[in-house]
Amino acid sequence: TGSTRPQRILRAVQKNSTRGSPCSVVNAIDDYCKHKEWAMNVGDEKGIIVDDVVLELKPITVLELGTYCAYSTVRIANLLPPEAKLITLEFNAESAAIAREIITWAGLEEKIQLIIGASGDWIPRLKEEFGIETFDLVFLDHWKDRYLPDTKLLEKCGLLKPGAVLLADNVICPGTPDYLDYVRNSPRYKSKFYRSHLEYTQEEDGLEHSVFLGMAGRGAE
Ligand SMILES: CCNc1ncnc2c1ncn2[C@@H]1O[C@H](/C=C/CNC(=O)c2cc(-c3ccc(F)cc3)cc(O)c2O)[C@@H](O)[C@H]1O
Ligand SMILES: [Mg+2]
């Protein structure tokens, strides 16, 4: 039986990056996915936008939905302040196993808590089981039809405080129309679109940056 794409990505990381160097891990994955085999990492072009958002916001608690091979996990965690923590949810055990190896190789296991499970099951448990008050930043990059239900679940569970940022990948390609409609029209969010391209291609894509304003106002019904 052949290898899986995540296994090939891990091998590329171990071959072409330096242990303990998150930057070299990110570069190794980008090189592999640019020249050998496309994969659904946020990538280097959109990645620069993610970097800018993280450096500007200086989040202390971060949630990522959809770890996959931990490309964005490593990219974001590398830029966090020393005391910050990132929780990432991944429900595919094979992907999670590869992600854990890549996180450890990058030397970021202290900053990152990888949970194997579905966002819908785990979001309601994060306060209780991980002592989370609220998230400063949520990076959405899992199944595209789950962005909206999981955003509403985060609201319901009181995991967002005014000023919290939702940063959503792929709002153009593959697209997340119901999520975009919600964050752009709800009084609970101030939303803006960062135009870019689908990772490693010339296709149109972009990130939606939405600041949570609180549950008050018309949306309180
Ligand atoms: C059930 C929902 N809850 C979830 N909870 C935890 N983990 C979840 C969940 N959903 C999905 N996942 C995991 O996130 C990952 C899924 C990500 C989905 N991403 C995409 O489909 C995606 C797809 C493309 C894309 C774009 C153009 C194409 F032609 C082909 C693909 C580009 C991207 O940047 C993408 O992010 C997997 O590892 C999956 O196991
Ligand atoms: Mg994506």
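Filter segment 48-70 down to residues that are of a type outside the set (Gly, Ala, Ser) and near ligand 1 (Cβ under 10 Å from one of its atoms) and give me whichever is farthest from the chain's Cα centre (by Cα). Explain how you work it out, then say what you get.
Filtering segment 48-70 down to residues of a type outside the set (Gly, Ala, Ser) leaves 48-65, 67-69.
Narrowing the set further to residues that are near ligand 1 (Cβ under 10 Å from one of its atoms) leaves 64-65, 67-69.
Values: 64: 4, 65: 6, 67: 7, 68: 10, 69: 11 Å.
Residue satisfying both the conditions and the ranking: 69.
Those residues that are hydroxyl-bearing (Ser, Thr, Tyr) and open to solvent by less than 80 Å² (accessible area, probe 1.4 Å), I need them from segment 11-31; list them, please. Step through it out loud before you land on a result.
Taking segment 11-31 as the starting set, the residues that turn out to be hydroxyl-bearing (Ser, Thr, Tyr) are 17-18, 21, 24.
Within segment 11-31, 17, 21, 24 qualify.
Give me a count of the residues in segment 188-221 that are over 28 Å from residue 36 (Cβ atoms) and in a loop (DSSP other than H, G, I, E, B). Don't jump to the end; show me each part of the working.
First, the residues of segment 188-221 that are over 28 Å from residue 36 (Cβ atoms): 188-193, 208-221.
Keeping just the survivors that are in a loop (DSSP other than H, G, I, E, B) gives 188, 213-217, 221.
Qualifying residue count for the region: 7.
Would you confirm whether any residue within segment 90-102 is crowded, with 18+ Cβ neighbours inside 10 Å, near ligand 1 (Cβ under 10 Å from one of its atoms) and at positive phi?
Checking segment 90-102: not a single residue is crowded, with 18+ Cβ neighbours inside 10 Å, near ligand 1 (Cβ under 10 Å from one of its atoms) and at positive phi.
Mind checking which residues of segment 187-217 are surrounded by fewer than 19 Cβ atoms within 10 Å (Cβ to Cβ) and over 20 Å from residue 50 (Cβ atoms)?
Correct list: 187, 213, 214, 215, 216, 217.
Is it the case that segment 88-111 has a residue that's hydroxyl-bearing (Ser, Thr, Tyr), more than 16 Å from ligand 2 (Cβ to nearest atom) and under 22 Å from residue 26 (Cα atoms)? Give the steps one after another, and end with the answer.
Narrowing segment 88-111 to residues hydroxyl-bearing (Ser, Thr, Tyr): 88, 95, 104.
In the following step, the residues that additionally are more than 16 Å from ligand 2 (Cβ to nearest atom) were identified as 104.
Filter once more, keeping what is under 22 Å from residue 26 (Cα atoms): 104.
Scanning segment 88-111, I find at least one residue that is hydroxyl-bearing (Ser, Thr, Tyr), more than 16 Å from ligand 2 (Cβ to nearest atom) and under 22 Å from residue 26 (Cα atoms), so the answer is yes.
Exactly one condition in (1) touching a strand residue (DSSP E or B) at 6+ places or on another chain (Cβ under 6 Å); (2) exposed (fewer than 15 other Cβ atoms within 10 Å of the Cβ) is not met by residue 34; state its number.
It is condition (1) that residue 34 fails.
For residues in segment 40-76 being assigned to a loop (DSSP other than H, G, I, E, B) and among the polar types (S, T, N, Q), which is farthest from ligand 2 (Cβ to nearest atom)? Break it down stepwise before answering.
Let us first name the residues in segment 40-76 that are assigned to a loop (DSSP other than H, G, I, E, B), namely 40-42, 58-60, 66-70.
So of that shortlist, the ones also among the polar types (S, T, N, Q) come out as 41, 67.
Values: 41: 7, 67: 11 Å.
Looking at the filtered set, the residue picked out is 67.
The values are calculated or read from the model by the stated rules, or taken from the named source; none is laboratory data. Only a predicted model underlies this, so the values are computations on that prediction, with no experimental measurement involved. Using ideal geometry, Cβ is built from the backbone for each residue, glycine included, and neighbour counts are taken over all protein chains shown. Areas reflect the complete protein model, heavy atoms only, side chains present, ligands, DNA and RNA absent. Shrake-Rupley method; radii C 1.70, N 1.55, O 1.52, S 1.80 Å.
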